[in-house]
Every structure is written in C-alpha cells, then in structure tokens.
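Student: Mind looking over this structure? Questions follow.
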Amino acid sequence: MGAPSGNQFWKLRSKHGRDKLFATPELLWEAACEYFQWCDENPWTTKKAIQKTVPVKRKEGKKTRIVNEEQTQREVTPTARPYSLTGFCIYVGASSMWWRNFKEGCKNSTDDKDFLMVIARIEETIETQQFEGACVGAFNANIIARKLGLSDKQELDHTTGGKEFKGFNFLPYTKEADEVV
C-alpha cells in the first residue's frame, strides 16, 4: 500500500537529496592537484627490445676465441602519463556523466558559480598538459589533436548549391540520343 495522496511526509526529512561530492571549490581543486601529482609520480612504462652485439668467450678445444654474439635486451623506459578528464573522474570515484551534470548544474545555480572557475581551471590544465606533451613528442600528436578537436577539417560541398541541374554540357546533343531504339 502506498502513501496516502496529498501527504506531506517529505517535509519531515532533515535534508533533501544526496551530498555533493565536493563541498567547496577548494576541495575540488585540491583533489585535482592530487590527481595531477599522482599522474606525475606514476608514469607509464614502455618496453623496447634492443639488439646488442656483445663479445663472448668460446672454448674450441684448448683454444679460447672471442666471438661477437647478438643479444636481445629489454629496456623499460618511463613515459609521461597524460592528464585526462576521465582519468580525473575515475581518480575521485565519479563518472564523466557526473562531471557533465555537475558542470551544467553549476552553470544553472547562483550558489555554485565559484565551482565554474575551478572546473575551467581543471579542464584547461588537462588540455594544456596534453597539448604541450604532444608538441614535445611525449604523447602521440595525432591522438591528442583528435582528442582536443584540433584536426584539420575541410568541408566540401558536393551539392548543386541550390541551382537546378541541367545536365552535362560536355557531350554534343543529338536528337537520335533521345529516341528509344
């Protein structure tokens, strides 16, 4: 059985809705700085196979010869970890949908205008780190350009542009062509 219609039980609640993930803009910025520091302290690693020629001693009977032998060694190199908005959301335990809704809610609320400055600062920091990393070769420039919407685009218009199509004028017109055989 449901609640009786016209009830006002909701007024008895001490608070309405769930708590915000970040109570103040300062806490949001602090969490972003922690994420940026974590990215810097936990780089990705790349593994490369390197062929090296190494002199090796070989015994052949009573004689020892030095022979050059190819050896493969694995080299592990730290690589910078790019900042990302989805990475930040995962770091703070939220989703990218939460971020979009939070940002939109701050635009519509007069109380949360201070959050917009921090949101813009976080997004600009992420974008700048990705862009500069691509410029110096730390990140794949093609991927970052697509992610940031910086790819070259050319729009081609293949329509008639509102003009009536009157056929091709490069073939000579003959009356025989109109007759059906």
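Throughout, read-outs are computed from the coordinates displayed, never taken from laboratory work. Since the structure is predicted, the reported quantities are computational estimates derived from the model, not experimental observations. Heads up, the Cβs are rebuilt from the backbone with ideal geometry, glycines too, and the neighbour counts pull from every protein chain shown.
Student: Let a ≥ b ≥ c be the square roots of the eigenvalues of the Cα gyration tensor of the range 94-133; is it rounded (a/c under 1.5), or, if not, prolate (a/b larger than b/c) or oblate?
Tutor: oblate
Student: Can I ask one more? Going highest first, how would you order 125-137, 38-50 by mean Cβ packing within 10 Å?
Tutor: 125-137, 38-50
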